[in-house]
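The structure appears right after this line, and notes come after that.
Derivation of every value follows stated rules applied to the coordinates shown; laboratory data play no part. As the structure is a prediction and not an experimental result, all values here were calculated from the model. A quick note on method: Cβ atoms are made from the backbone with ideal geometry, for glycine too, and the neighbour counts reach across all protein chains shown.
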Amino acid sequence: METYLKISDLHKTFYPHGKPLKVLDGINLEVDKGEIFGIIGFSGAGKSTLARCINRLETSDSGSIELGGTDILKLPKKKLLQERHKIGMIFQNFNLFDSMTVYQNIAYPLQIAGVPKEQIKERVQETAELVGLTEKLKAHPGALSGGQKQRVGIARAIVTKPDFIISDEATSALDPQTTIQILDLLKEINRKYGITILMITHELDAIRYICSRMAVLEEGRITESGQVRDIFENPNSKTGELFAKVFKLLQSAELTHGGGI
Amino acid sequence: MSLLDSSLWDVIKASLDPAIWKELWGPIGETIYMTVVSSLIMLVFGLIIGILLTITNPDGLIPLKTSYTVSGWVINCLRSLPQMIMIILMIPVARLIFGKAYGTNACIIAIAASCIPMYARIVESSLLEIEKGKIEAAQAIGSNNLSIIVRILLPETLPSLIRGFTVSVISVLSMTALAGMFGAGGIGDIAVRYGYQRFQHDRLFACVYILIIMVQLIQGIGNLVSKQILKNRNLI
Ligand SMILES: Nc1ncnc2c1ncn2[C@@H]1O[C@H](COP(=O)(O)OP(=O)(O)OP(=O)(O)O)[C@@H](O)[C@H]1O
Ligand SMILES: [Mg+2]
């Protein structure tokens with residue numbers, strides 16, 4: 001398997017109120033091309049910070065991040081903007097542009113990437129169809145449900161045909177049914193276009209549902225990583241154990257109540 | 001007619017006399033002219049300064065701590081000057097531009113200069129209302145700072161910007177009345193000349209009606225436009 005994302009010894013310290021707070025403490029991570037890789041961790045573990053370091057929304061203190069052979073941290077500003085066209089990002093609270101229609105939201109990354117006008121319409125239509133939003137192109141995000149909003153978020157993230165998607169808690173604000181639909185959509189995108197996806201979440205079921213491999217992030221360190229099944233069955237870290245315990249509890253609850261995700 | 005020798009009711013009746021109103025159309029025109037031109041100047045400079053303040057903010061797109069602190073301090077100084085003093089201070093500036101220190105155009109400079117710092121702060125506070133996530137999303141997409149300002153920051157905060165502009169235009173209007181005392185003409189001039197110097201309270205009342213109507217109109221239009229935009233975006 002070809003490695004797509006390779007993070008080596010990544011460090012990040014914040015200084016809230018002048019006091020140092022180590023948020024990423026030597027992260028090492030490898031994600032293969034074309035896989036859906038999950039990162040799980042409790043609130044405050046540093047998941048979002050890690051995600052934001054990858055596309056340099058956040059500066060890193062030291063270490064290296066290679067994405068498809070490009071050393072992200074060494075890119076000059078202009079090149080970085082271009083590189084970001086190849087990295088889609090999906091957010092927990094969608095972060096759609098309320099002033100734009102759904103069509104304009106999806107077209108925006110294409111315009112920024114300098115795609116010729118004639119192609120934009122076609123690409124937006126095609127992407128809207130994939131995420132099931134053809135009926136809503138003229139609506140504003142304010143008129144959409146949470147699930148529909150996240151579909152716009154996904155469309156906006158994939159419309160430039162990126163190689164890589166960072167999903168930071170993409171389903172955490174959605175109800176269980178909608179979560180499954182959105183996860184299915186991500187799965188489909190992964191299969192159809194071979195886009196590598198980094199799935200950051202604190203939802204066990206989401207990881208179990210679509211990830212092949214995963215890592216556990218605990219206080220700024222990767223405490224274990226490997227096949228999802230192995231980690232659930234045989235956890236080796238505090239967080240992993242806790243999650244596995246919760247998972248087993250949920251499973252037994254499912255057996256008695258017959259519930260799904 | 002004066003309140004000194006007539007009843008309030010008589011003065012009110014007299015204030016509705018068409019003869020008085022005939023003389024007021026000219027001053028109304030002057031007031032509108034001053035308000036519109038000053039507001040436009042205020043809009044342009046206030047927006048630019050407000051945007052600069054927002055992006056140089058320590059949490060902004062291009063943090064420039066020293067520049068932000070210094071310009072913030074200057075703006076606060078300018079804002080602490082009473083409007084009357086601002087007009088007096090602007091007299092030499094007006095003379096420099098128009099060659100004379102009185103009249104409508106000279107006062108427009110004074111009004112705009114005095115309202116720009118206030119409006120810049122109002123713009124800043126509107127722009128700071130934007131959810132940080134939207135800016136991050138735009139950055140993650142690969143937008144440069146100019147596109148973020150023009151295509152995200154301003155459109156997303158437009159309803160709030162319009163409300164802020166409305167408030168500021170009303171304060172421009174009230175300043176035109178003050179500037180009337182410095183030879184700018186307009187409703188304020190009439191109110192002072194007849195109402196204060198000659199005790200013709202019927203005319204003073206008529207001026208008050210006009211100012212009330214103008215303020216209501218400006219506020220009404222501002223509210224309507226910003227509400228309509230929110231409605232179009234399905235946000236209310
Ligand atoms: N800009 C910042 N300045 C100071 N501290 C920060 C900043 N961003 C994050 N932190 C701190 O870093 C730690 C990790 O934050 P992060 O958002 O990465 O956690 P997370 O794992 O994504 O949590 P959650 O599941 O709640 O989203 C937290 O303690 C947070 O308070
Ligand atoms: Mg987070």
Exercise. Kindly establish whether A:LYS22 is within 12 Å of A:ARG221 (Cα to Cα) and within 16 Å of ligand 2 (Cβ to nearest atom).
Key: no
Exercise. Only residues that are more than 9 Å from ligand 1 (Cβ to nearest atom) and farther than 15 Å from A:VAL216 by Cβ: list them for region A:39-53, please.
Key: A:CYS53
Quiz item: Among (1) within 23 Å of B:GLU136 (Cβ to Cβ); (2) part of a loop (DSSP other than H, G, I, E, B), which single condition is A:ILE154 missing?
Solution: (2)
Exercise. Would you please name the residue that is farthest from the other protein chains (Cβ to nearest Cβ), looking only at residues in region B:78-90 that are surrounded by 16 or more Cβ atoms within 10 Å (Cβ to Cβ) and touching a residue at least 60 places away in the same chain (Cβ under 8 Å)?
Key: B:ILE87
Exercise. Identify, from the list B:PRO159, B:PRO117, the residue that is assigned to a helix (DSSP H, G or I) and within 10 Å of another protein chain (Cβ to nearest Cβ).
Key: B:PRO159
Quiz item: If we scan region A:111-126, do we find a residue that is crowded, with 23+ Cβ neighbours inside 10 Å and within 12 Å of chain B (Cβ to nearest Cβ)?
Solution: no
Exercise. Kindly check whether there is at least one residue in region B:205-212 that is without any contact (Cβ under 8 Å) to a residue 24 or more places away in the chain and more than 27 Å from B:ASN57 (Cβ to Cβ).
Key: yes
Practice problem: Working only within region A:25-80, note down all residues that are in a strand (DSSP E or B) and either within 16 Å of ligand 2 (Cβ to nearest atom) or under 20 Å from B:LEU61 (Cα atoms) (or both). | Solution: A:ILE27, A:GLY38, A:ILE39, A:ILE40
Quiz prompt | Residue in region B:124-138 that is farthest from A:GLU169 (Cα to Cα), counting only those that are at the interface with chain A (Cβ under 7 Å from one of its Cβ atoms) and buried (at least 21 other Cβ atoms within 10 Å of the Cβ) | solution = B:LYS134
Practice problem: Return yes or no: is B:ILE55 within 19 Å of the chain's Cα centre (by Cα), surrounded by 14 or more Cβ atoms within 10 Å (Cβ to Cβ) and touching a residue at least 40 places away in the same chain (Cβ under 8 Å)? | Solution: no
Self-check item: Scan of region B:93-112 for residues that are β-branched (Val, Ile, Thr) and within 21 Å of B:LEU78 (Cα to Cα), ordered by number
Solution: B:VAL93, B:ILE97, B:ILE108, B:ILE109, B:ILE111
Quiz item: How many of the residues in region A:48-80 are within 7 Å of another protein chain (Cβ to nearest Cβ) and surrounded by fewer than 19 Cβ atoms within 10 Å (Cβ to Cβ)?
Solution: 1
Practice problem: Answer yes or no as to whether A:LEU96 is crowded, with 21+ Cβ neighbours inside 10 Å, within 11 Å of chain B (Cβ to nearest Cβ) and under 21 Å from the mean Cα position of the chain (by Cα). | Solution: yes
Exercise. Go through the residues of region A:119-139 one by one and say whether even a single one is part of a loop (DSSP other than H, G, I, E, B) and under 26 Å from A:GLU203 (Cβ atoms).
Key: yes
Exercise. Among residues belonging to region A:147-177 that are within 16 Å of ligand 1 (Cβ to nearest atom) and either touching a residue at least 60 places away in the same chain (Cβ under 8 Å) or not polar (S, T, N, Q) (or both), point out the one that is nearest to the other protein chains (Cβ to nearest Cβ).
Key: A:ILE166
Quiz item: Within region A:57-72, can you find the residues that are free of Cβ contacts under 8 Å to residues at least 60 places away in the same chain, away from ligand 1 (no atom under 14 Å from the Cβ) and closer than 16 Å to A:HIS85 by Cα?
Solution: A:GLY69, A:THR70, A:ASP71, A:ILE72
Exercise. Pick out, from region A:161-261, the helices (runs of 4 or more DSSP H) lying fully within it that include 1 or more residues that are closer than 30 Å to A:PRO109 by Cα.
Key: A:176-193, A:204-210
Self-check item: Residues of region B:91-119 that turn out to be in contact with a Lys or Arg (Cβ under 9 Å, 6 or more places away or on another chain), touching a residue at least 40 places away in the same chain (Cβ under 8 Å) and hydrophobic (A, V, I, L, M, F, W, C), as a count
Solution: 2
Practice problem: Taking B:ALA184 as meeting all but one of (1) over 21 Å from B:VAL225 (Cβ atoms); (2) without any contact (Cβ under 8 Å) to a residue 40 or more places away in the chain; (3) not in a helix (DSSP H, G or I), write down the number of the exception. | Solution: (2)
Practice problem: Identify, from the list A:LEU10, A:LEU5, A:LEU80, the residue that is away from ligand 1 (no atom under 16 Å from the Cβ), touching a residue at least 40 places away in the same chain (Cβ under 8 Å) and touching a helix residue (DSSP H, G or I) at 6+ places or on another chain (Cβ under 9 Å). | Solution: A:LEU5
Exercise. Go over the candidates A:ILE36, A:ILE87 one by one and state the one that is in contact with a helix residue (DSSP H, G or I) (Cβ under 9 Å, 6 or more places away or on another chain), away from ligand 1 (no atom under 16 Å from the Cβ), away from chain B (no Cβ under 14 Å) and of a type in the set (Val, Ile, Thr).
Key: A:ILE36
